[in-house]
1. Take A:Arg334 and decide whether it is part of a strand (DSSP E or B), among the basic types (Lys, Arg) and closer than 27 Å to A:Arg195 by Cα.
2. Pick from the range B:206-229 the residues that are outside any helix (DSSP H, G or I) and buried (at least 21 other Cβ atoms within 10 Å of the Cβ): which of them is nearest to the other protein chains (Cβ to nearest Cβ)?
3. So in the range B:87-97, with the set limited to residues that are more than 7 Å from chain C (Cβ to nearest Cβ) and without any contact (Cβ under 8 Å) to a residue 24 or more places away in the chain, which one is surrounded by the fewest Cβ atoms within 10 Å (Cβ to Cβ)?
4. Restricting the search to the range A:311-345, which residues are farther than 23 Å from A:Val250 by Cα and free of Cβ contacts under 8 Å to residues at least 40 places away in the same chain?
5. Just the residues that are surrounded by 16 or more Cβ atoms within 10 Å (Cβ to Cβ) and over 29 Å from B:Ile276 (Cβ atoms), please, taken from the range B:185-205.
6. Looking only at the range C:153-181, how many residues end up being within 10 Å of another protein chain (Cβ to nearest Cβ) and outside any helix (DSSP H, G or I)?
7. Take the conditions under 30 Å from B:Ser251 (Cβ atoms) and in a helix (DSSP H, G or I) and apply them to C:Met205. Does it pass?
Amino acid sequence: MSGLALENVTKEFGSFTAVKNVDLTVPHGTFVCLLGPSGCGKTTLMRMIAGLDLPTGGAIKLDGTDITRVPTHKRELGMVFQSLALFPHLSVGENIAYSLRIRGTGKEDQKKRVDELLSMIHLPGYADRPVSKLSGGQRQRVAIARALAISPKLFLLDEPLSALDAKLREAMQVELRQLQQRLGITTIVVTHDQREAMTMADTVVVMNGGEIRQAAAPVEIYRRPADTFVADFIGMTNLIDFTTDSAGRVTVLGTAVEGLAAPGGLARGVLSVRPEDVHLTAPGPGAIAARVTFIRDLGGTIETFVEAGDKQIVAVSMPNARPDVHVGQEVGIRLSPEACVVLKS
Amino acid sequence: MRREAPQKLSDYGPLLFPAGMLIVFFVIPFATMIAVSFFKRDPAGFYSTAFVFDNYARFLSLFFGKVLGFSLFLAITVAICCVVIAVPFTYLLSRARRRTQVVWLVALLSVLSLSEVIIGFAWSTLFSRTAGITNLLVAIGLMGEPVALNPSFGAVLTAMVYQALPYTVLVLYPALVRLDPTLTEAARTLGASPVKSFFTVVVPALRNTIVATLIMVFIFALGSYLLPQILGRPQHWTLSVLITDQAIYQSNMPFAAAMAVFLVLVTLGLVALTLIAGRKGEAA
Amino acid sequence: MTTFLQRLFLGVVGLFLSLPLIVVAGVSVNEKQTLAFPPQGFSLSWYGEIFTNPEWRNALLASVTLAAVSAALALAIALPLAWFLWRRHAPWANIFQLLGIAPFTLPPVITALGLLTFWATTGFYGQPWTAAISHAIFFVTLPLVTLSLGFSSIDRSLVEAAATMGADDRTIFRTVVLPLILPYLVSGYAFAFVLSLNEYIVAYMTVGFTMETLPIKIFNALRYGYTPTMASVTILFVAIAALIFGLVARFGDLPKLLGAMANNDR
């Protein structure tokens with residue numbers, strides 16, 4: 001099959017297991033983000049795909065060929081490093097032409113390709129500039145162009161936008177995604193920024209402790225997290241312990257949620273409820289009793305913090321639906337069953 | 001790039017030439033020297049093979065004791081003089097503008113690289129009766145007539161301080177450059193004068209560096225072999241001079257080797273002391 | 001007031017460092033062959049003497065040749081060693097780093113005597129090429145330290161980036177590593193060259209009776225009396241050292257180079 005396949009890939013450093021039995025297929029032309037907190041093994045996984053680290057177990061296949069032991073320089077890939085790793089002793093054009101030059105491409109063809117790539121990244125005429133004279137965003141683009149010079153089979157980016165400021169980063173995310181769609185190149189990005197992953201990826205792969213916790217489309221990751229780690233890591237959420245009563249109804253904080261049943265007769269677990277799905281009403285039967293402790297008005301959204309028992313719950317509302325409450329007020333919370341994700345604790 | 005352990009034998013290739021050169025031309029000569037120190041002197045050639053302790057036994061003479069004592073005393077005096085001058089000097093240097101620093105560093109390196117022969121010659125000129133510093137004093141009327149200032153202990157000491165001072169500054173320089181400038185600024189805001197903040201903040205913060213520098217300059221001064229000859233009298237000769245003298249002029253290589261081995265032991269002992277001082281510094 | 005005192009202190013140290021050289025410079029322009037200061041008359045003929053008098057010219061030539069060859073040899077020893085230590089993880093190989101630094105750290109008379117006994121034992125005593133090897137070993141510390149510093153300042157992701165773009169180890173060394181350590185290569189050579197030019201004891205003990213380098217020549221001349229050529233040679237040497245270190249400072253980062261040198265020494 002065409003694309004990248006990881007089969008049972010494992011990497012141990014001494015007694016520490018950085019990557020544990022990872023299985024993943026990346027179909028040709030898709031954009032995948034490896035997402036997770038630092039130390040989750042995402043960078044190690046990418047370095048193994050690039051051949052910079054060798055797995056201690058499992059296999060890596062590209063278009064059906066086993067490349068597990070193929071040295072990096074024979075893998076025909078393009079990679080953008082976190083530090084960008086632009087060669088300080090070479091000009092912009094020489095940096096971009098590097099992979100062509102060492103393959104013995106003719107001077108004329110090199111120049112043509114460099115010009116092509118420079119106009120692709122909106123930096124025409126920059127070929128003779130030293131890389132030290134570029135701004136952060138320009139260096140970023142040059143690193144991307146350099147990685148794409150040979151039209152690689154695989155485009156890898158390790159935290160590529162982490163050095164940019166927030167505004168520029170958002171713009172580059174969109175640009176990168178559009179570029180990838182235009183070229184139709186199989187792309188893998190390592191990031192710890194979930195917004196970045198949600199913006200760019202066809203498939204988000206959430207990792208923790210060296211394992212894949214969930215691999216799915218961004219919306220599914222957000223709406224249907226596979227476990228409490230994913231639910232908590234992606235966006236804001238309220239994780240509330242529940243028990244199941246004798247009638248099979250899910251009960252949280254002493255109140256049953258109407259119309260919600262735990263699958264497979266789960267006796268206890270955790271509910272994940274996104275803050276925008278928490279609705280504040282007047283206290284009364286069927287509503288969880290709570291008290292407002294803090295209100296954060298961010299302009300675009302309003303976050304209302306309430307305490308139910310000893311549990312803190314956050315509700316987010318739009319300005320046009322601003323809840324009419326004040327700190328210290330007793331309120332009720334109603335959870336709609338379709339908004340709740342039932343997870344094992 | 002991860003630093004991998006060498007996988008194949010050919011990965012060791014680059015090590016071949018350097019390792020070979022260092023073993024053949026440093027380790028083996030060193031071992032030869034140790035071996036020779038147990039050999040017997042041969043007036044006709046260099047030495048004859050034997051195994052005797054005679055060369056070491058000669059250390060026990062009064063003459064040798066005096067030379068050793070004087071060598072150590074001279075080296076310690078030089079080290080103290082250099083550190084006393086170099087610590088405030090390097091501190092000021094490290095706070096100067098970058099351009100100023102570079103100019104000073106070029107000057108210091110130029111003096112440091114000067115041959116001992118040249119330093120000896122320059123100072124013997126400066127201390128001479130005909131072209132020396134006393135001519136200047138005569139010219140401005142402070143002295144009646146010019147005098148020769150060498151050979152003398154003062155001349156040897158001055159020239160050795162001159163030789164070792166650039167070295168001292170360059171040893172101290174990195175530590176002082178890295179010294180956090182906000183330390184003295186903090187002391188200043190607490191009411192210390194610049195001089196007071198130098199002695200109460202900079203010097204204590206550098207205590208271990210200063211001790212290590214003292215020992216390094218001491219070793220450096222111990223190696224001086226020409227200045228005592230050119231500027232001093234025979235009673236100012238040091239162990240290094242004696243080794244050269246025995247090896248070249250008395251053709252007694254075994255005894256020279258024995259003294260050299262002894263000098264190595266003294267040096268290594270001091271290096272060990274430096275390391276211990278350094279380790280304590282890290283722990284503190 | 002404080003600034004004035006600081007300036008004064010720096011000035012006094014500067015005077016101390018330059019005074020002997022000022023006097024020697026003065027002596028070197030004396031018209032007659034006398035040791036006099038302030039100089040009597042003015043003449044640059046003693047500088048010409050270095051190049052016209054065959055004895056001095058040969059000594060200068062011998063010194064420059066020795067310095068050029070031994071510094072190149074020192075570099076040839078230091079470069080692969082520093083590269084290996086940077087590229088590979090082999091803790092035991094650090095022993096060679098230590099061996100490379102030892103000759104320069106020990107009192108020079110010891111290295112000199114060790115080499116003397118070695119050349120005497122192997123029967124090559126007095127051959128001019130033994131001086132080149134001896135100096136290379138004695139000064140290998142300098143390029144080794146500058147190159148170790150140079151390698152450690154290379155961002156390792158540059159090497160990885162080159163590999164992902166299709167470069168093998170050899171190509172990476174040629175196209176990435178070598179251009180980046182070139183300044184350190186040059187300064188390592190410069191340091192070894194200048195110090196070899198000035199070195200006396202090792203040269204004297206190994207080839208002192210067969211070959212006259214300039215420091216040996218000066219010392220011999222010093223014992224048999226005075227000639228102003230000694231002064232002009234001294235000034236020439238100071239000028240060469242200042243010029244070379246000035247160039248290193250101009251094209252490299254001298255404070256950084258020195259920052260690490262003393263570090264490794266310690």
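The values are calculated or read from the model by the stated rules, or taken from the named source; none is laboratory data. From a predicted model like this one, the values you see are computed outputs, not experimental measurements. A quick note on method: Cβ atoms are made from the backbone with ideal geometry, for glycine too, and the neighbour counts reach across all protein chains shown.
1. Values: part of a strand (DSSP E or B): yes; among the basic types (Lys, Arg): yes; closer than 27 Å to A:Arg195 by Cα: no.
Taking the combined requirement at face value, the residue does not satisfy it.
2. Of all residues in the range B:206-229, those outside any helix (DSSP H, G or I) come to B:206, B:223-226.
Adding the requirement that they be buried (at least 21 other Cβ atoms within 10 Å of the Cβ) leaves B:223-226.
Values: B:Gly223: 3, B:Ser224: 8, B:Tyr225: 5, B:Leu226: 7 Å.
Top of the filtered list is B:Gly223.
3. First, pick out the residues of the range B:87-97 that are more than 7 Å from chain C (Cβ to nearest Cβ): B:87, B:90-91, B:93-97.
Checking the rest, the ones that are also without any contact (Cβ under 8 Å) to a residue 24 or more places away in the chain come to B:96-97.
Details: B:Ala96: 14, B:Arg97: 8.
Checked the range B:87-97; the qualifying residue surrounded by the fewest Cβ atoms within 10 Å (Cβ to Cβ) is B:Arg97.
4. Of everything in the range A:311-345, those that are farther than 23 Å from A:Val250 by Cα and free of Cβ contacts under 8 Å to residues at least 40 places away in the same chain turn out to be A:Met318, A:Pro319, A:Asn320, A:Ala321, A:Arg322, A:Asp324, A:His326, A:Val327, A:Gly328, A:Gln329.
5. B:Ala187, B:Ala192, B:Ser197
6. Qualifying residue count for the region: 6.
7. In short, yes.
Here is a yes/no grid of residues against (1) more than 27 Å from A:His192 (Cβ to Cβ); (2) charged (D, E, K, R):
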position: A:Ile60; (1), (2): no, no
position: A:Val70; (1), (2): yes, no
position: A:Met79; (1), (2): no, no
position: A:Leu86; (1), (2): no, no
position: A:Ile102; (1), (2): yes, no
position: A:Asp109; (1), (2): yes, yes
position: A:Asp128; (1), (2): yes, yes
position: A:Ser135; (1), (2): no, no
position: A:Leu164; (1), (2): no, no
